[in-house]
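Reading through the structure tokens given below for one structure.
Each reported figure results from applying straightforward, stated rules to the coordinates on display, with no laboratory input. Just so you know, these numbers come straight off a predicted model, no measurement behind them. Cβ atoms come from the backbone with ideal geometry, glycine included; neighbour counts cover every protein chain shown.
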Number of protein chains: 2
Amino acid sequence: MMRTSERNSNGFYSLFYLLLFYKKKMGKVLIIGCGGVGTVVAHKCAQNPDVFEQIVIASRTKSKCDAVAKAIGAPNITTDAVDADSVPQLVELFKKHRPDIVINVALPYQDLTIMDACLECGVNYLDTANYEPRDEAHFEYSWQWAYRERFEKAGLTAILGCGFDPGVTSVYTAYAAKHHFKEIQYLDIVDCNAGNHHKAFATNFNPEINIREITQKGLYWENGKWVETEPLEIHQPLTYPEIGPRESYLLHHEEIESLVLNYPTIKRARFWMTFGQQYLTYLDCIQNLGMSRIDEIEYSAPLADNPDKTVKVKIVPLQFLKAVLPNPQDLGSNYDGQTSIGCRIRGIGNDGKELTYYIYNNCSHEAAYKETGMQGVSYTTGVPAMTGAMMFLKGIWNKPGVHNVEEFDPDPFLDVLNKQGLPWHEIFNCDLEL
Amino acid sequence: MMRTSERNSNGFYSLFYLLLFYKKKMGKVLIIGCGGVGTVVAHKCAQNPDVFEQIVIASRTKSKCDAVAKAIGAPNITTDAVDADSVPQLVELFKKHRPDIVINVALPYQDLTIMDACLECGVNYLDTANYEPRDEAHFEYSWQWAYRERFEKAGLTAILGCGFDPGVTSVYTAYAAKHHFKEIQYLDIVDCNAGNHHKAFATNFNPEINIREITQKGLYWENGKWVETEPLEIHQPLTYPEIGPRESYLLHHEEIESLVLNYPTIKRARFWMTFGQQYLTYLDCIQNLGMSRIDEIEYSAPLADNPDKTVKVKIVPLQFLKAVLPNPQDLGSNYDGQTSIGCRIRGIGNDGKELTYYIYNNCSHEAAYKETGMQGVSYTTGVPAMTGAMMFLKGIWNKPGVHNVEEFDPDPFLDVLNKQGLPWHEIFNCDLEL
């Protein structure tokens, strides 16, 4: 915000922004979802009461929201229960609390029901992961982009993919395009988690979503078309700042889809994520055991409150596995090491010469836990979600329609990140390894 | 039988046995359990209609019994449904069919309910695995030995552990003691499965029972007391006939418990089983994922016949894993290689000198499948169960009370095994490796 103001030497615009800021600062936010990311979002919103005057946290289990509210201890937080699969329940919740914006950090399956309720109630929208159908692990923006016209007509803003990746990585790309590149040609988003949770196996976020993502085929953009790979087929060691070399695997990741549209000069765009050998061995095992299946199987089990009666239920193996695995929210207390996520970009610089550029953030799991009680992976997703909502409430990212984050001004967003725990760094003319 | 008759040169006894044989040969057998082993037992009983005049197969799911009966296609097989956890249901079943003997190849949890029903209805009993409580993976005979007096008073015979191991291994030991050893001092039971089912992971029998067994602490008998080891702590390569060296792991196995009591000269008794590295990696993964847990967890799931209604049920993770894993009964069609199970014994021979002795059977998965539609592990368990029931119906193993198989005459049993698909071989003065 400061940097944006300084850049606007024109007094009239400064005054305009100030008025806008004043008008919008009394914001009410509704956070849907109370997992690790929801907890971080709530903490960070509460740290910024000048913007988030009132905070509501809602999830299927109200007691989880109550526990988070109690841990934060701020007077402006209330809680509620909602089944985010149900549009009527969401509408009732929105009408009761009348938020300015919803931060959706529930499950990706629930993006569309929440967007529907936003349209019905005139509420603005922000999420961190694109919609995917429950019965198919398929990631693309088409379902949500189909809401563009309706949001535009309603005068409502929907901000898609405002976590770290997607989110900050897309803003990094927008920042590079705005300030350093005449033409971005090669984009590699690199995501390293060099943390150690000291458990044999655990996923860093919702195991269901994590395993769905990783077991899918890889996909990247090259010369105007999508290239598909076998799951985890392409990999190579990459060197991460303050961490060193880590084997990195090419995955499909949703931000690539919008970035190649918004930056048509991109010749090749890829996404890389690190995995340890133990993690991959376990993943292979989970798949071969059949525990990563996302179809329903019939299973007979006794009722919890009447064990003499056995009923036949439908169970998705991967969802059951989630119930047995360590809860990612419980990993924080013994998590050390750090994450390093960024963009490695090659293209034509503003001076017309080839430029290589690496912009990244490193985040310490221990520092994240100390501040919010959650580990770094939740932290790096939750802080940008709060920041995006702040951008909207301040009137900076207020643009009716459905937008990916690179469509907004990156500067004020990155200024806030610097102050809110996710400082970023730039390296010019470096060896990108890619 | 033949060998026993030949040995009894006394005409009176021969006549006595003949009468007994005649009286008993019209036997009716009730097989409870219709998994891989139950299927083999049914096939083998049907192959011996002179002894098993009538065959009833009962399990929780009658349609499974119907399919087996149909596949065998013999006119003397009927089927029924029973929940073997329920004594009243078992009693009703026994009263309806009035079998001479029950072959229990259901779950080990159900041994005691079936024995209770046997006592109530005057039915003789045979099983292949000792009782274990559902909520504790603990293997010992005490629960079933506690029935000794009641079976004796009722004039009923209960034959415990009449599969391959326990079962044939115990009979091998009895045979060695009867014919070759003055004193058995060191007994090592060695169980190798060198078959390949061409799946990433599958268990050869009920995965729930298999994983419970293997993840427990090891136990062996030495110098008059039990020595406990960590799970799979002790291992070494052993060389198996026609197979070669395979890494073999010391496990606790139930037959050791009765053998050291029945052969008090034994200084050390151990049980070894082979596992491949891939199997152990998966097992490690299953444990670390929490999927080998045998406690109940509460889980919410939609009803199969009314998906709009979600209920809370209790699920044991290991039982759920069983529902997802390949069914051991379906492994047979693509299973090659063979099993090799036997006893390696060292002690004082009949001539007063040290004797080393190895008695074993090798069983081909393909041959077993060709004959019964089931792989070798089911076959090697089912054939001895049928043989034990035959011994009882022929009046040879008819002794009121509760007995482990080594308490009976091994000769006629081993004669039948030779003819029924499990021929055995002896090696004298060999390198036992142990």
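The table for this structure:
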item	result
Assigned charges on the beta-carbon of Lys, Arg, Asp, Glu; the protein assembly as shown dipole about Cα centre (debye)	1180
Distant alpha-carbon pairs in the stretch B:72-119 (separation over 16 angstrom), percent	37
Where labels lie 7 Å past Cα in the beta-carbon direction, separation of B:ASN334 and A:LYS178 in nm	5.5
Hypothetical label at A:GLU242: residues of the stretch A:167-208 whose amide nitrogen lies under 18 Å (7 Å Cα-Cβ projection)	A:169, A:190-197
Descending semi-axes in whole angstrom, ellipsoid equivalent of the stretch A:44-84, from the Cα gyration tensor	19, 11, 7
Dimensionless Rg over Rh [the stretch A:280-417; C-alpha; Kirkwood]	1.13
Burial order of peptide ranges B:381-388, A:290-297 (average beta-carbon count within 10 Å, highest first)	B:381-388, A:290-297
Computed over chain B: relative contact order in percent, which uses C-alpha pairs under 8 Å that are six or more apart	21
FRET efficiency for A:GLN278 and B:ARG98, using Cβ-Cβ distance with R0 set to 60 Å, rounded to 0.05	0.55
At q = 0.10, 0.17, 0.19, 0.24 Å⁻¹, base-10 log of I(q)/I(0) for the stretch A:212-323 (Debye sum, equal scatterers on each alpha carbon)	-0.47, -0.93, -1.04, -1.27
Residue mean of other protein chain beta carbons inside 10 Å, B:310-317	6
For chain B, radius of gyration divided by Kirkwood radius, i.e. Rg to Rh on alpha-carbons	0.96
Percent antiparallel among DSSP beta bridges (both partners in the protein assembly as shown, rounded to 5)	60
Compactness of the stretch A:130-236, expressed as Rg and Dmax over alpha-carbon positions, Å	16.9, 51
Global size of the stretch B:51-192 as Cα Rg and Dmax, reported in angstrom	17.1, 51
Over 20 Å between alpha carbons, listed pairs A:LYS312/B:LYS322; A:LYS267/A:LYS399; A:LYS64/B:LYS309; B:LYS153/B:LYS178; A:LYS64/A:LYS309	A:LYS267/A:LYS399; A:LYS64/B:LYS309; B:LYS153/B:LYS178; A:LYS64/A:LYS309
Choice from A:TYR186, A:TYR299, A:TYR335 with maximal GNM fluctuation in chain A (Cα, 10 Å cutoff)	A:TYR299
Using alpha carbons only: equivalent-ellipsoid semi-axes of the stretch A:221-274, gyration tensor based, whole Å	23, 14, 9
Charge dipole of the protein assembly as shown about the Cα centre (unit charges at C-beta), most positive-ward option of A:HIS403, B:ASN429, A:VAL416	A:HIS403
Solution diffusion estimate, µm²/s, Stokes-Einstein, the protein assembly as shown, Kirkwood Rh from C-alpha pairs, 20 °C, viscosity 1.002 mPa s	69
Amide N of the stretch B:124-161 lying under 20 Å from the label point, which is placed 7 angstrom from the Cα of B:TYR109 along Cα→Cβ	B:127-144
Rounded to the nearest 20 debye, dipole of chain B from Cβ charges on Lys, Arg, Asp, Glu	1120
For the stretch B:198-257: relative contact order, % (alpha-carbon pairs under 8 angstrom, 6 or more apart)	27
Average partner coverage of B:295-303, which counts Cβ from other chains inside 10 Å	5
Modelled FRET efficiency - R0 25 Å, A:GLU407 with A:LYS153, Cβ distances, 0.05 increments	0.90
Label point 7 Å beyond Cα along the C-beta direction, distances from B:PRO302 to other copies (nm, shortest first)	2.7
Alpha-carbon spread of the stretch B:371-434, three principal axes, descending order, Å	40, 33, 20
Two-decimal log10 I(q)/I(0) for the stretch B:144-200, as the Debye equation yields it once each C-alpha is a single scatterer, q = 0.22, 0.24, 0.30 Å⁻¹	-0.95, -1.00, -1.13
Helix-derived mean residue ellipticity, 222 nm - over chain A, DSSP H n ≥ 4, -39500 (n - 2.57), to 500	-11000 deg cm²/dmol
With eigenvalues of the C-alpha gyration tensor scaled by 5 and rooted, the stretch B:175-234, Å	29, 19, 9
Residues A:ILE234 and B:ARG268, FRET efficiency given R0 of 51 Å [Cβ-Cβ distance, rounded to 0.05]	0.40
The stretch B:304-377: projected area of the alpha-carbon convex hull, averaged over directions, in nm²	9.8
Debye intensity ratio I(q)/I(0), log10, the stretch B:96-149, q values 0.13, 0.19, 0.24, 0.30 Å⁻¹ (C-alpha model)	-0.31, -0.64, -0.96, -1.33
A from B by rotation - nearest chain B beta carbon to the axis, in Å	B:CYS285, 2
Part-to-part distance (alpha-carbon centres) for the stretch A:353-404 and the stretch A:247-296, which is given in Å	21
Label 7 Å beyond Cα on the Cβ vector: B:LYS62 copy-to-copy distances, nm	4.9
Relative contact order %, the stretch B:88-202, counting alpha carbon pairs below 8 Å whose residues are six or more apart	21
